1. Do we find a residue being among the aliphatic types (A, V, I, L, M) and in a strand (DSSP E or B) anywhere in segment 10-18?
2. Identify the single condition in (1) under 27 Å from G17 (Cβ atoms); (2) buried (at least 17 other Cβ atoms within 10 Å of the Cβ) that E280 does not satisfy, given that it satisfies every other one.
3. Need the failing condition index for A262 against (1) in contact (Cβ under 8 Å) with a residue 40 or more places away in the chain; (2) touching a helix residue (DSSP H, G or I) at 6+ places or on another chain (Cβ under 8 Å); (3) aliphatic (A, V, I, L, M), just the number.
4. Please go through segment 139-168 and pick out each residue that is touching a strand residue (DSSP E or B) at 6+ places or on another chain (Cβ under 9 Å), in contact (Cβ under 8 Å) with a residue 60 or more places away in the chain and assigned to a loop (DSSP other than H, G, I, E, B).
5. Sort out which residues of segment 10-29 are among the hydrophobic types (A, V, I, L, M, F, W, C) and either buried (at least 24 other Cβ atoms within 10 Å of the Cβ) or modelled with pLDDT under 95 (or both), and write them in order of number.
6. Test T146 against the stated conditions and say whether it is β-branched (V, I, T), at pLDDT 95 or above and either surrounded by fewer than 23 Cβ atoms within 10 Å (Cβ to Cβ) or closer than 25 Å to W282 by Cβ (or both).
7. What pairs come out if I take residues in segment 102-126 that are crowded, with 21+ Cβ neighbours inside 10 Å and pair them with residues that are assigned to a helix (DSSP H, G or I) and of a type in the set (K, R) whose C-beta lies under 6 Å away, six or more apart or interchain?
Amino acid sequence: MKEFAGKFAVVTGGGTGMGRELARQLVAEGCNVAMCDISADAMAETKRLCELEKLPQGLRVTTHIADVSIEDQLRRFRDEITLEQGTDKIHLLFNNAGIGGGGSLFTNTREQWERTFNICWGGVYLGVRTFLPMLMKADEGHIINTSSVNGFWASVGMGVSHTAYSAAKFAVKGFTEALINDLRLNAPHIKCSVVMPGHIGTSIISNSRKIQSGIDSDQLSAEDIIASRQRLKGMGIDTTAMTDEDIQQIALDRARSFRDEAPTSAAAAAKIILDGVKAERWRILVGDDAQRLDQRVRQTPERAYDAEFYQSFAQEVGWRLG
């Protein structure tokens, strides 16, 4: 698929971050976009940004409320596309939605763990299941599943558990690789790609906290504060003299720095992804840090979870692990 003009694209998690930038850049190339998210306000802002320049005649940008971990909501999203976009086919499916949290089997609740896993993995699986019939009806199609560097390296630092997100992203990577041959045998006009970003400047930390806690604000819940203390303890930081307000400020500063000080912006990441789709690359690493980490893990897989590996890589690429 060398160009997107006149095509129909579905983008999950289109309210913020890479999803917002994918929508903006697709629309800028003349592609019709249907996006879903759990936040109507966030999607409204994405749509406003898409429409800053006058859209070509007939181009459609539609927004739809859907939790990608719930199949009935994805089916409703699909049916709304048929009505609002006026099409029974799509060409591009970006399974982009994801959250963090639920890192530990020991210190997080089962509900938190499965919430992360069911969105990051279940959303991809259900997204493909739901929209495959519409892709089948197109003359060409492409499925783009967002994994992560945590899909081949299951950690964010020695002192922090990261099981739910990593397990989900490994599943996304394996599923997409298996799809390559499945599509060749049964739907050769559809391609697929797995996207593995490094540190991208998004609001995933704060958004994930809001989704996990159910509190639509930047204030940490009591459970969040406990989890933040545990995270800091795992990093070797003594929090006994810190107040809850101190812990909250540290968490908010971490979320801000993750978004604002990332080596790769969400806009740059979206361009890399779209360029990879045009080049029909099935494996799209996003960011110099992702490229370097991939090389390191391949070179010394047995050492990938040693302290020295964490420390030297973090220093090399400027990551603040943990």
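1. Taking segment 10-18 as the starting set, the residues that turn out to be among the aliphatic types (A, V, I, L, M) are 10-11, 18.
Then drop every residue that is not in a strand (DSSP E or B), which leaves 10-11.
Checking segment 10-18: at least one residue is among the aliphatic types (A, V, I, L, M) and in a strand (DSSP E or B).
2. Only one criterion is unmet by E280, namely (2).
3. (2)
4. Of everything in segment 139-168, those that are touching a strand residue (DSSP E or B) at 6+ places or on another chain (Cβ under 9 Å), in contact (Cβ under 8 Å) with a residue 60 or more places away in the chain and assigned to a loop (DSSP other than H, G, I, E, B) turn out to be E140, F152.
5. Within segment 10-29, V10, V11, M18, L22, A23, L26, V27 qualify.
6. Values: β-branched (V, I, T): yes; at pLDDT 95 or above: yes; either surrounded by fewer than 23 Cβ atoms within 10 Å (Cβ to Cβ) or closer than 25 Å to W282 by Cβ (or both): yes.
When the stated conditions are applied, T146 passes them.
7. The qualifying pairs do not exist here.
The values are calculated or read from the model by the stated rules, or taken from the named source; none is laboratory data. These figures come from a predicted structure and were not determined experimentally. Because the Cβ atoms are built from the backbone with ideal geometry, glycine has one as well, and the counts that use them run over all protein chains shown.
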